[in-house]
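The values are calculated or read from the model by the stated rules, or taken from the named source; none is laboratory data. Just so it is clear, the structure is predicted and the values come from calculations on it, not from any experiment. Backbone-built Cβ (ideal geometry, glycine too); neighbour counts: all protein chains shown. We work out accessible area using only protein heavy atoms, side chains counted, and drop any ligands, DNA or RNA first. Shrake-Rupley method; radii C 1.70, N 1.55, O 1.52, S 1.80 Å.
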Amino acid sequence: MAFDSFGQFVQALDKAGELKRVSQPVATELEITELADREMKSPGGGKALLIEKPTINGRVSPFPVAINTLGSHRRMALSMGVGSVDEVAGELGALMKAKPPTSFGEAIKLLGLALDLRHAKPKTVSRGACQEVVLRAAELAGGAREDCPTLANMPILKCWPLDAGRFITLPGVVTRDPDTGERNVGMYRMQIFDGQTTGMHWQLQKVAARHGKRYYETGQPMPVSIFLGGDPVLTFCASAPLPDGMDELLLAGYLRKKSVELVKCLTNDLEVPAEADFVIEGYVDPKEPLRTEGPFGDHTGYYSLADLYPALHVTAITHRKEAVYPATIVGMPPMEDFYIGTASVKLFLPIFKMNFPELVDLALPAEGVFHNLVFVSIKKTYPMQAYKIMHGLWGMGQMMFTKYIVVVDADVDVHNTSEVLFRLCATTDPQRDAIFTRGPADVLDHATSEFAVGTKMGIDATKKLPGEGFKREWPPLIKMDEAVRRKIDQLFPPAA
């Protein structure tokens, strides 16, 4: 299902009983964060919140704020128009395994899979709702009327007490490779410096940083456009760990079963989703010095420290007439990003399985704040297979940031942290079953001794085979006889 606006998705959440409306004024400075944090830490992620009267320095913004809209398994599924993200993962997995047909029946089945991609490719249109209201640089500099958005009066949150200022937290940042013309849509926080300037926190290993490096080498201004809102699938795809060079909007079109319509920006040559709620157009000047950005209360649960990053100069802001401002917060888990990350894992698990046929399942526990901790289950058939999986995963995209990988056998539910920890403690000898290696680290990781370089640890918590240094008999796991279990179920039926 495709949503024509972020507001339409909010209405769908309301209809599904997944939304709480907050009618009293709530400040964008810290108060929305406190309210949202309590909701995100409620069982199952709580509800989405629509703050109808967000205030900025005591004045009510003309734009409502929606937060925690993707913060549960059900809301993630609703954003894709399905009952469960597993359905989409299954479809994608079938598509990835598609082979040339050997019969008419197989041909029909393959055709059905191919038709799922008929709307995947984005298409350009001449007009978009995202440009219903337009403010160009001169109006932004001169002080626009109160009902128009500027960086000063948009309901952008100051999330945590020690944050350096207000931050846009759910942007789709559009950049283009100056050599190949390939588009990238990433998600990088944006600190508001003033009414016309923001920080661009694209980290060292991100695609936009690679694009920026080329512009810095040539000295040419780098066009950048940011969209907020629109179909929630756009937000999800901006955060998805796609390979460099793969268009996030192609994935969005596949997921929503409808092409993403794009409209050309007014002050640069980039294109943005026509149904977005807000668009911020601008450029990065490679000839000016970097600016101090941060600190910011980050997904690590700690403040990421101030550092130097490029500045974005805003040349225009456009928006829908009935725009809704989307936001999220990050911090001590569990938070909304846990559910977004879990959906990404489910969606891309079929691709992982193509590389690692023995892989059964993979989980990123909330306590690992996205990628610090990964649990993997495998069908183990030969010695040292767990180590092969560890090294393979560390070599795949953003999995390079993973600090700890724990590999367990196929019968372990990796989504049950208690079960994984039991196997970890019961089936490992620390010296024999752990390895250390070095590699790239998340630049937000304050615990590494060096910036962006750190240590990784892998733990083999699988049953040991001959050739793995285990010379004793491996005991069986305690399990009740299945016939006894069935008899007791009949005599004492479980409570409904």
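Got a sec? Which of P333, P365 is touching an Asp or Glu at 6+ places or on another chain (Cβ under 7 Å), closer than 25 Å to L234 by Cα and free of Cβ contacts under 8 Å to residues at least 60 places away in the same chain? Let's see the steps before the verdict.
Working: P365 fails: touching an Asp or Glu at 6+ places or on another chain (Cβ under 7 Å).
Selected residue: P333, the only one of P333, P365 that is touching an Asp or Glu at 6+ places or on another chain (Cβ under 7 Å), closer than 25 Å to L234 by Cα and free of Cβ contacts under 8 Å to residues at least 60 places away in the same chain.
If you go through the range 146-153 one residue at a time, do you hit one that is at pLDDT below 85, over 19 Å from S61 (Cα atoms) and of a type in the set (A, V, I, L, M, F, W, C)?
Within the range 146-153, not a single residue is at pLDDT below 85, over 19 Å from S61 (Cα atoms) and of a type in the set (A, V, I, L, M, F, W, C).
Within the set of pairs 6 or more residues apart or between chains, which connect a residue that is on the phi > 0 side of the Ramachandran plot inside the range 238-261 to a residue that is among the β-branched types (V, I, T) with Cβ atoms less than 8 Å apart?
G245/T180
Pairs under 8 Å by beta carbon, first residue farther than 25 Å from P122 by Cα in the range 169-197, partner surrounded by 21 or more Cβ atoms within 10 Å (Cβ to Cβ) and acidic (D, E), six or more apart or different chains?
Going by the 8 Å Cβ cut-off, the qualifying pairs are Q191/E293.
In the set R38, R21, which member is outside any helix (DSSP H, G or I) and out of contact with any Lys or Arg (no Cβ under 7 Å at 6 or more places or on another chain)? Spell out the reasoning first.
On the way: R38 fails: outside any helix (DSSP H, G or I).
The conditions single out R21.
For the range 324-336, state whether one or more residues are charged (D, E, K, R) and more than 19 Å from the chain's Cα centre (by Cα). I'd like the intermediate steps shown before the answer.
Residues of the range 324-336 that are charged (D, E, K, R), as a first pass: 336.
If we keep only those that are more than 19 Å from the chain's Cα centre (by Cα) too, we end up with none.
No; the residues of the range 324-336 include none that is charged (D, E, K, R) and more than 19 Å from the chain's Cα centre (by Cα).
Test each condition in (1) surrounded by fewer than 17 Cβ atoms within 10 Å (Cβ to Cβ); (2) farther than 17 Å from G341 by Cβ; (3) of a type outside the set (G, A, S) for Q385 and report the one that comes out false.
(1)
State which residue pairs qualify: first residue free of Cβ contacts under 8 Å to residues at least 24 places away in the same chain and inside the range 299-315, second residue open to solvent by 50 Å² or more (accessible area, probe 1.4 Å) and of a type in the set (K, R) in any location, beta carbons under 8 Å apart, and separation of 6 or more residues or different chains.
L308/R291
Within the range 339-362, can you find the residues that are aromatic (F, W, Y) and touching a residue at least 60 places away in the same chain (Cβ under 8 Å)? If you could, list the steps in order and put the result at the bottom.
The first filter runs over the range 339-362 and keeps only residues aromatic (F, W, Y), leaving 339, 348, 352, 356.
Matches in the range 339-362: Y339, F348.
Restrict the check to the range 232-240 and report whether at least one residue is in contact with an Asp or Glu (Cβ under 7 Å, 6 or more places away or on another chain) and under 25 Å from T315 (Cα atoms).
Let us first name the residues in the range 232-240 that are in contact with an Asp or Glu (Cβ under 7 Å, 6 or more places away or on another chain), namely 237-238, 240.
Cutting the leftovers down to under 25 Å from T315 (Cα atoms) gives us 238.
Taking every residue of the range 232-240 in turn, at least one turns out to be in contact with an Asp or Glu (Cβ under 7 Å, 6 or more places away or on another chain) and under 25 Å from T315 (Cα atoms).
Condition check: touching a Ser or Thr at 6+ places or on another chain (Cβ under 9 Å) and open to solvent by 10 Å² or more (accessible area, probe 1.4 Å). Does K258 satisfy that? Reasoning before the result, please.
Numbers: touching a Ser or Thr at 6+ places or on another chain (Cβ under 9 Å): no; open to solvent by 10 Å² or more (accessible area, probe 1.4 Å): yes.
When the stated conditions are applied, K258 does not pass them.
Which condition number in (1) touching a strand residue (DSSP E or B) at 6+ places or on another chain (Cβ under 9 Å); (2) touching a residue at least 40 places away in the same chain (Cβ under 8 Å) is the one that V233 fails?
(1)
Would you check if V406 is closer than 18 Å to Q385 by Cα and either open to solvent by 20 Å² or more (accessible area, probe 1.4 Å) or part of a loop (DSSP other than H, G, I, E, B) (or both)?
Numbers: closer than 18 Å to Q385 by Cα: yes; either open to solvent by 20 Å² or more (accessible area, probe 1.4 Å) or part of a loop (DSSP other than H, G, I, E, B) (or both): no.
Here the answer is no, as V406 does not meet what is asked.
Go through (1) under 20 Å from the mean Cα position of the chain (by Cα); (2) surrounded by 23 or more Cβ atoms within 10 Å (Cβ to Cβ); (3) at pLDDT 95 or above and name the single condition E281 misses.
(1)
What's the total number of residues in the range 245-261 that are of a type in the set (G, A, S) and touching a helix residue (DSSP H, G or I) at 6+ places or on another chain (Cβ under 7 Å)? Steps first, answer last, please.
Step one: list which residues in the range 245-261 are of a type in the set (G, A, S), which gives 245, 252-253, 259.
From the residues that got through so far, the ones that are touching a helix residue (DSSP H, G or I) at 6+ places or on another chain (Cβ under 7 Å) too are 252, 259.
Count: 2.
Only residues in the range 272-292 that are under 30 Å from S259 (Cβ atoms) count as the first member; pair them with residues that are open to solvent by 20 Å² or more (accessible area, probe 1.4 Å) and not in a loop (DSSP other than H, G, I, E, B), Cβ under 6 angstrom, at least 6 apart or cross-chain, and list the lot.
These pairs meet every condition: A274/E261; E275/A129; E281/T315; G282/H313; G282/T315; Y283/P223; Y283/H313.
Could you name every one of the strands (runs of 3 or more DSSP E) located completely within the range 156-229 that has at least 1 residues being touching a His at 6+ places or on another chain (Cβ under 8 Å), at pLDDT 90 or above and open to solvent by 50 Å² or more (accessible area, probe 1.4 Å)? Spell out how you get there, then give the answer.
Working: elements: 172-176, 183-186, 190-194, 197-199, 222-228.
Filter on the range 156-229 gives 172-176.
For residues that are of a type in the set (A, V, I, L, M) and open to solvent by 80 Å² or more (accessible area, probe 1.4 Å), tally how many sit in the range 1-60. Show your work before the answer.
Here is the first cut: in the range 1-60, the ones of a type in the set (A, V, I, L, M) are 1-2, 10, 12-13, 16, 19, 22, 26-27, 30, 32, 35-36, 40, 48-51, 56, 60.
Now restrict to residues that are open to solvent by 80 Å² or more (accessible area, probe 1.4 Å): 1, 60.
Residues in the range 1-60 being of a type in the set (A, V, I, L, M) and open to solvent by 80 Å² or more (accessible area, probe 1.4 Å): 2 in total.
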